[in-house]
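First the structure, in the form of structure tokens, and then the observations on it.
What follows draws every value from the coordinates through simple rules; no lab data is involved. None of these values were measured; they are calculated from a predicted model. Reconstructed Cβ throughout: ideal geometry from the backbone, glycine too, with neighbour counts over all protein chains shown.
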Amino acid sequence: MELFEAIKTRKSIRKFKDKPVEKEKIIKIIEAATLAPNSENKQPWKFVVVQDKDKKKEIAKISILGGIKRYTSIKDELNEKFKAMEDENRKKLLDRFVSGELFHFLLECPVQVVVLADNNIIYAVHSCSAAIQNLSLAAHALGLGSCWTMIGSINSKNEKKIRKLVGYPEDNWKIAGVLALGYPDQDPNPRKRKPVEEVIDWQ
Amino acid sequence: MELLELMKSRRSIRKYQNKEVEKEKIQKIIEAAIWAPNAENDQPWKFIVIRDQHKMDLIQDVSVKGAADFFFAQKEHLMEKFKGLDLERRKKLVLQFTSGEFFAFINTAPVLIVVLAEIDKTPYAIPSASAACQNMLLMAHELGLGAVWTVIGAVDNTNREKVKKIIGFDNPKWDVVAIVPLGYPAESPSVKGRMRKPVEDAIDWQ
């Protein structure tokens, strides 16, 4: 797939087919991830590929509860954000956020990838974020779908819980993302972006 | 170019031809950036495209000094890192780091893009802006341009504040995620030179 097409047609996938992902494909997309730029080539990352059902479930639970907490606390802001929508649709959408339903796909995806940044190295989170972007694009090019979540890791207590679950309790590690991965079973609506000129400042 | 091939062949470019970069190409690169994933579609980013030589010089100055401070503090560590080289070469190389010389190229590019994250909008601003920056680097490569993601001038907060001031974003809303010189490449570093550990070392199967 061509780059711009991949960039533009990639969408976050939250519904997956009940079909395992081939190990070779997982390796290939993580290889793409490791090609991201990183400071002094220290490669400050680890990709934990979680396929164990119980572990996946625990990680999903932490994320769902994190979602309920976050979105309950910013419910009014969300309501404001969706104000252009009709009442009924807006209520439905808000409910998906506040009930944690939005993150149920983490229970159902065949693979989770927990991306760990080694904070002993400067700019590790930046490098890992670039790596995640390579990973998402490569997954898309191979016909896979992914969704990058951070809902389980914005709260430091939850973040540590997930790290302990996957065996990285040392505090130099920081979760840069929990990704759901699998064969897509949906084709989400096109995404929206502001016109590019609005985000550029020519100087 | 095919996507994985493109990712593999992208290298950091630090030498540029004395040739302007077309406005359309800059726009295309930033258009690629804004399709990066971002939580709740907040689009928490801004791209400052600098072609004003004076501003570039000021940012270069912050970067060179920032690099000198950063690397001087770990001089011993650098000497250790390059211990495979003979003493003369090693000293020269370490000096290039500790003097900030390695970052002197920043104002030789025809364009400098500063990527800003809108950190007061969402806790996800820096990861999202970093993903956008990666799209930008890939797109630059696809269009035959060269770029490099530098952050050294922004390593400490004081330096980031200086850069923000130079570009007129002196406001706690914003943080500097990357300073990216961009231009037509005047060097072609070998792809082989871009060493990565075997992928299996980076994976933990569970």
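Since only A:Ala176, A:Gly100, A:Met85 are under comparison, the one whose Cα sits farthest along the positive direction of the charge dipole of the range A:12-185, derived from C-beta charges on Lys, Arg, Asp and Glu, is A:Gly100.
Legend: P(r) of the range A:12-185 from all alpha carbon pair distances, 5 Å bins from 0, whole percents, reading 1, 9, 17, 19, 19, 16, 11, 6, 2, 0, 0.
So which of A:Lys192/B:Lys23; A:Lys69/A:Lys157; A:Lys81/A:Lys160; B:Lys92/B:Lys197 end up more than 19 Å apart, counting from Cα to Cα? Check vs 19 Å cut-off fails for A:Lys192/B:Lys23; A:Lys81/A:Lys160; B:Lys92/B:Lys197. Legend: calculated FRET efficiency, B:Asn157 to B:Asp52, from the Cβ-Cβ distance at R0 = 35 Å, rounded to 0.05, equals 0.90. Each residue of the range A:195-203 was assigned a 3J(HN,Hα) from its phi angle through the Karplus expression (A = 6.51, B = -1.76, C = 1.60, θ = phi - 60°), giving x, 4, 4, 6, 9, 9, 10, 7, 10 Hz with x at Gly and Pro. Among B:Val199, A:Val114, the order by Cβ neighbours within 10 angstrom, fewest to most, reads B:Val199, A:Val114. Applying 1/(1 + (r/R0)^6) with r as the Cβ-Cβ distance of B:Lys92 and B:Lys173 and R0 = 25 angstrom yields a FRET efficiency of 0.05.
Scattering from the range B:20-100 was approximated by placing one identical point on each alpha carbon and applying the Debye formula without solvent; log10 I(q)/I(0) at 0.26 1/Å stands at -1.14.
For the range B:65-80, putting each phi into the Karplus relation 6.51 cos²θ - 1.76 cosθ + 1.60 with θ = phi - 60° gives couplings of 5, x, 5, 4, 4, 5, 7, 4, 5, 10, 4, 4, 4, 5, 4, 5 Hz, in residue order, rounded to whole numbers and with x for Gly and Pro.
Restriction of the trypsin sites (Lys or Arg not before Pro) in the range B:81-147 to DSSP coil positions whose beta-carbon has at most 10 other beta-carbons within 10 angstrom yields B:Lys83. Using θ = phi - 60° in the Karplus curve 6.51 cos²θ - 1.76 cosθ + 1.60, the 3J(HN,Hα) couplings for the range B:124-137 round to 9, 5, 5, x, 5, 5, 5, 4, 4, 5, 5, 4, 4, 5 Hz; x is entered for Gly and Pro. Close amide-amide hydrogen proximity is noted between A:Trp173 and A:Asn119, each under 5 Å apart and 5 or more residues distant or on a separate chain (H modeled in the peptide plane; Pro and chain starts excluded).
Remark: relative contact order (chain B) = 35 percent; criterion is Cα-Cα distance under 8 angstrom and separation of 6 or more residues. Neighbours of A:Lys11, meaning other residues whose beta-carbon lies under 10 angstrom from its beta-carbon, give a summed charge of +3 when Lys and Arg score +1 and Asp and Glu score -1. Other residues within the sphere of radius under 13 Å centred on the Cβ of B:Gly146, judged by their own Cβ, net out at +4 (K and R +1, D and E -1). When both the range B:14-67 and the range A:107-135 are represented by their alpha-carbon centers, they are found 24 Å apart. A cut-off under 10 angstrom between Cβ atoms defines the neighbours of A:Pro184, and their net charge, with Lys, Arg +1 and Asp, Glu -1, is +2. Look at B:Ile48, A:Ile200 and count the other Cβ atoms within 10 Å of each Cβ; fewest to most, that gives A:Ile200, B:Ile48. Here the gap between A:Ile121 and A:Lys75, fully extended at 0.36 nm per residue and compared with their Cα-Cα distance, gives a gain of 12.9 nm. Between A:Lys42 and A:Lys92, 0.36 nm times their residue separation minus their Cα-Cα distance comes to what? Between A:Lys42 and A:Lys92, full extension yields an extra 13.5 nm. The longest stretch of chain B left intact once loop-based GluC sites (Glu not before Pro) with at most 12 other Cβ atoms within 10 Å are removed from consideration, loops following DSSP, is B:23-186.
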